Amino acid sequence: MMTEADKKIVDRVKECLMPILGDYGLELVDIEFRSSGKRWLLRIFIDKEGGVLLSDCEKISRELSSILDVEDFIDHPYTLEVSSPGITRPLKTMDDFKRSIGRVCRVITSEPVSGKREIKGVILSAKEEEIQVKGKIDIFTIPLCAIKKANLDFEI
């Protein structure tokens, strides 16, 4: 669980990062900041239309690292990683779901939806704080607030 201090660090990192990403036409997918033994891990997930290249990750890592060195607001020793979200990209916001309409996802809910807590299927729509997912047989309407975790997936 992230503390309030850690959330502030993530917010500051995001402030530093957004202008850099904009310069390269990249989008922020997620920021993780967590303890990993004696060091902390600051992991940035980025994406763009057509996918992220290693050179994109290198550029963002180099520029963000320089800014973080100057700003010096992270008290812990940490390792910075910049990477692609991969093919099982997490879906966290309504925009993530809208961008993924027509693709297969796996959704875990905090409460049963039509008797299920895990739903796998094709995203049909994403609007008004709910998504519709077509499983093998049924169509599920899932409130965004009931989604505990969601990722893109391969097959139904």
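The values are calculated or read from the model by the stated rules, or taken from the named source; none is laboratory data. None of these values were measured; they are calculated from a predicted model. Because the Cβ atoms are built from the backbone with ideal geometry, glycine has one as well, and the counts that use them run over all protein chains shown.
Scanning the range 21-45 for residues that are of a type in the set (A, V, I, L, M, F, W, C) and within 21 Å of Gly86 (Cα to Cα) returns Leu21, Leu26, Leu28, Val29, Ile31, Phe33, Leu41, Leu42, Ile44, Phe45.
Check the range 61-73 and report whether any residue there is within 30 Å of Leu144 (Cβ to Cβ) and surrounded by 13 or more Cβ atoms within 10 Å (Cβ to Cβ).
First, the residues of the range 61-73 that are within 30 Å of Leu144 (Cβ to Cβ): 64.
Next, from what is left, pick out any that are surrounded by 13 or more Cβ atoms within 10 Å (Cβ to Cβ): 64.
Within the range 61-73 (the criterion being within 30 Å of Leu144 (Cβ to Cβ) and surrounded by 13 or more Cβ atoms within 10 Å (Cβ to Cβ)), the answer is yes, since at least one residue qualifies.
On the given criteria, is Cys145 in a helix (DSSP H, G or I) and assigned by TED's automatic domain parsing to the domain that holds Cys16?
Working: in a helix (DSSP H, G or I): yes; assigned by TED's automatic domain parsing to the domain that holds Cys16: no.
Considered against the rule, which asks whether it is in a helix (DSSP H, G or I) and assigned by TED's automatic domain parsing to the domain that holds Cys16, Cys145 comes out as no.
Taking the range 74-93 as the range and being aliphatic (A, V, I, L, M), surrounded by 15 or more Cβ atoms within 10 Å (Cβ to Cβ) and under 17 Å from Glu27 (Cβ atoms) as the test, the residues that pass are Val82, Leu91. Among the residues of the range 56-88 satisfying the criterion of being under 14 Å from Arg43 (Cα atoms) and among the β-branched types (Val, Ile, Thr), which is farthest from the chain's Cα centre (by Cα)? Per the criteria, the residue is Ile74. If the condition is being within 21 Å of Lys92 (Cβ to Cβ) and surrounded by fewer than 16 Cβ atoms within 10 Å (Cβ to Cβ), then the range 32-42 contributes Glu32, Arg34, Leu41.
Residue-wise test of (1) outside the structural domain of Leu124 (by TED's automatic domain parsing); (2) touching a Pro at 6+ places or on another chain (Cβ under 8 Å).
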| position | (1), (2) |
| --- | --- |
| Gly37 | yes, no |
| Asp47 | yes, yes |
| Gly50 | yes, no |
| Leu54 | yes, no |
| Cys57 | yes, no |
| Ile60 | yes, no |
| Leu68 | yes, no |
| Pro77 | yes, no |
| Arg99 | no, no |
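Does Thr93 fit the bill of being under 30 Å from Thr141 (Cβ atoms) and of a type in the set (S, T, N, Q)? It is true that Thr93 is under 30 Å from Thr141 (Cβ atoms) and of a type in the set (S, T, N, Q). So, in the range 51-83, how many residues would count as being touching a residue at least 24 places away in the same chain (Cβ under 8 Å), out of contact with any helix residue (DSSP H, G or I) (no Cβ under 7 Å at 6 or more places or on another chain) and of a type in the set (Ser, Thr, Tyr)? Here the count works out to 2.
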